[in-house]
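Data first, discussion second: the structure below is written as structure tokens.
The values are calculated or read from the model by the stated rules, or taken from the named source; none is laboratory data. Note that the structure is predicted; figures quoted are calculated from it, not measured. Quick reminder, even Gly has a Cβ in these numbers, built from the backbone with ideal geometry, and neighbours come from all protein chains shown.
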Amino acid sequence: MSRQILTVEAVEKHYKTVKAVDRISFSVDEGEIFALLGPNGAGKSTMVRMMMRIIAPDAGRIRYDLGVPEDALLSRLGYLPEDRGLYQDMAILPTIVYFGVLRGMTRADAKREARLWLEKMDLVDRAGERLDSLSKGNQQKIQFIASVLHRPRFAILDEPFSGLDPINQNLMIEVLQELRAQGTTVLLSAHQMELVESIADRLFLMNRGKQVLYGTMAELRERVGVGTNIKIGFRGMADLAAFECHPAVDLVSRPEEGRLELMLRPEAALGAFLEFACGALDIVTLESREMSLHGIYLRAVKLAEEGDPRGEGSTTTAVQELEVGVG
């Protein structure tokens, strides 16, 4: 059985009349990538700040098992905050070295590791430039390097994909997988579910401070009862209402002109639905695939609205914020 290096038990945080975190409980196993997911405003960053002892919970408790006393805890953690805390007028390499020394590294070790990381993140040729000369995405990469330079046992990363273009998003995914392979436990907070589902060992989905779903991808699929995702490209007009009212359809969206994306109910007869779709549309392209994490989240929200126990503590707001596609 895996060792639990972080345990969160019934944690709450209130801001005046807003309950930002509402009785959240989960654990993180040593050596895994654990994803804390949800739309903006779900309570993820508040949860991360409590884990980092920046703010205190109003109820519940957060316990680490890293083999060190509380006053030495931060030396074993790597923390990437959502908001950048870099010195804009400093050169890149000295900035990284400075943060490494703050976390207990020698200057020589910090400089050596910094150069290795700059090469890995495609920034070694800019080591002497000022931070304010970098793009938002490259500044994010520098902040990330500073958070893991000292080789923490447990890296807590708040929105690590923020500001990154698709190429650098893929680079970040590769780096996170490398950290896991080297034995670093990673907890990442993010709202880009499509980037996370391929690398996370377990996931905790939140909305408005509450738990929505928790487990592996297989466990989430089993819990909500997943159907099929259908993407249709078509010519001409589409009667969206006819699809919304069809008994086989769970959710439908129209991300752009000439395209429909649908989530079918688990019990839906795919053949009968496709026959209906072919009669209703002049179809150009048709694609079906297994429901994504994004789709699982939306289905859980919908089940919660309907009072189904498979959906845990969510609201229409989440659908409105996330329903840009059901894939």
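Could you tell me which residue of the range 87-106 is farthest from residue 140 (Cα to Cα), considering only residues that are buried (at least 17 other Cβ atoms within 10 Å of the Cβ) and touching a residue at least 24 places away in the same chain (Cβ under 8 Å)? Per the stated criteria, the residue is 105. Restricting to the range 220-258, count the residues that are in contact with a strand residue (DSSP E or B) (Cβ under 9 Å, 6 or more places away or on another chain), among the charged types (D, E, K, R), without any contact (Cβ under 8 Å) to a residue 40 or more places away in the chain and farther than 25 Å from residue 37 by Cβ. Residues in the range 220-258 being in contact with a strand residue (DSSP E or B) (Cβ under 9 Å, 6 or more places away or on another chain), among the charged types (D, E, K, R), without any contact (Cβ under 8 Å) to a residue 40 or more places away in the chain and farther than 25 Å from residue 37 by Cβ: 1 in total. Of all the numbered requirements in (1) buried (at least 20 other Cβ atoms within 10 Å of the Cβ); (2) in contact with a strand residue (DSSP E or B) (Cβ under 8 Å, 6 or more places away or on another chain); (3) closer than 23 Å to residue 299 by Cβ; (4) not small (Gly, Ala, Ser), residue 199 misses one, and that requirement is (1). In this structure, does residue 242 turn out to be surrounded by 15 or more Cβ atoms within 10 Å (Cβ to Cβ) and more than 30 Å from residue 47 (Cβ to Cβ)? Against the criterion (surrounded by 15 or more Cβ atoms within 10 Å (Cβ to Cβ) and more than 30 Å from residue 47 (Cβ to Cβ)), residue 242 does not qualify. Of all residues in the range 95-109, which are in contact with a His (Cβ under 8 Å, 6 or more places away or on another chain) and part of a helix (DSSP H, G or I)? Within the range 95-109, just 100 meets the criteria. Of the strands (runs of 3 or more DSSP E) lying entirely inside the range 191-281, those containing at least 1 residues that are among the hydroxyl-bearing types (Ser, Thr, Tyr) and either under 20 Å from the mean Cα position of the chain (by Cα) or farther than 30 Å from residue 31 by Cα (or both) span 210-215, 228-235, 249-253.
Restricting attention to the range 144-178 and to residues that are of a type in the set (A, V, I, L, M) and more than 20 Å from the chain's Cα centre (by Cα), the residue that is surrounded by the fewest Cβ atoms within 10 Å (Cβ to Cβ) turns out to be 149. Taking the criterion of being at pLDDT below 95, touching a strand residue (DSSP E or B) at 6+ places or on another chain (Cβ under 9 Å) and not in a strand (DSSP E or B), the residues of the range 22-40 that qualify are 38, 39. Scan 119, 70, 129, 113 and give me the residue that is crowded, with 18+ Cβ neighbours inside 10 Å, farther than 29 Å from residue 293 by Cα and not basic (Lys, Arg). Result: 113 is the single residue among 119, 70, 129, 113 that is crowded, with 18+ Cβ neighbours inside 10 Å, farther than 29 Å from residue 293 by Cα and not basic (Lys, Arg). Only one entry of 43, 60, 78 meets the criterion of being touching a strand residue (DSSP E or B) at 6+ places or on another chain (Cβ under 6 Å), at positive phi and buried (at least 21 other Cβ atoms within 10 Å of the Cβ), and that entry is 43.
Of the candidates 141, 136, the single residue that is of a type in the set (Lys, Arg) and buried (at least 19 other Cβ atoms within 10 Å of the Cβ) is 141. Close contacts from the range 194-215, counting a first residue that is free of Cβ contacts under 8 Å to residues at least 60 places away in the same chain and a second that is in a strand (DSSP E or B) and surrounded by 18 or more Cβ atoms within 10 Å (Cβ to Cβ), with Cβ to Cβ under 8 Å and a gap of 6+ residues or different chains, come to 215/202; 215/203. Would you please name the residue that is modelled with the lowest pLDDT, looking only at residues in the range 1-10 that are closer than 20 Å to residue 66 by Cα and either assigned to a helix (DSSP H, G or I) or of a type outside the set (Ser, Thr, Tyr) (or both)? Looking at residues that are closer than 20 Å to residue 66 by Cα and either assigned to a helix (DSSP H, G or I) or of a type outside the set (Ser, Thr, Tyr) (or both), I get 1.
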